[in-house]
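Here the structure is laid out as structure tokens; the discussion comes afterwards.
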Amino acid sequence: MTYGVARLTPDEQMRLERAYQDLMLLASECEVPAVRANARAALALVAQALNGQGLRYEHYSKNLKRL
């Protein structure tokens, strides 16, 4: 049995890219350590989802504050 390749719709891709940008801001600018840490974790998952679709998103950045 073969399965077709599932791809994101343009709207879904746009939503993930927007979530990526929002999480990047939270991970780098939020003053609440728990929020920063969880934003980084979520950012890694969103980056993984985007990379799985053949898009290249880095979830490591020099702009992120240290915990």
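Only the coordinates and a few stated rules stand behind these numbers; no lab work does. These numbers were taken from a predicted model, which means no experiment stands behind them. We place every Cβ from the backbone using ideal geometry, glycine too, and count neighbours over all the protein chains shown.
What's the exposure ranking of Thr2, Thr9, going from fewest to most Cβ atoms within 10 Å? Don't skip to the answer; put the middle values down first.
Working: Thr2 3, Thr9 8.
Ordered by Cβ neighbours within 10 Å, fewest first: Thr2, Thr9.
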query: Length gain on complete extension for the stretch Asp22 to Val5, per 0.36 nm per residue less the alpha carbon to alpha carbon distance?
result: 3.3 nm
statement: Short to long, in 10 Å steps from zero, the percent of alpha-carbon pairs of segment 10-52 per bin is 32, 50, 16, 1
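Return the FRET efficiency for the residue pair Ala34, Met14: r is the Cβ-Cβ distance, R0 is 22 Å, and the value is rounded to the nearest 0.05. Display every interim value, and only then the final one.
Values: r = 29 Å, r/R0 = 1.30.
After rounding, the FRET efficiency stands at 0.15.
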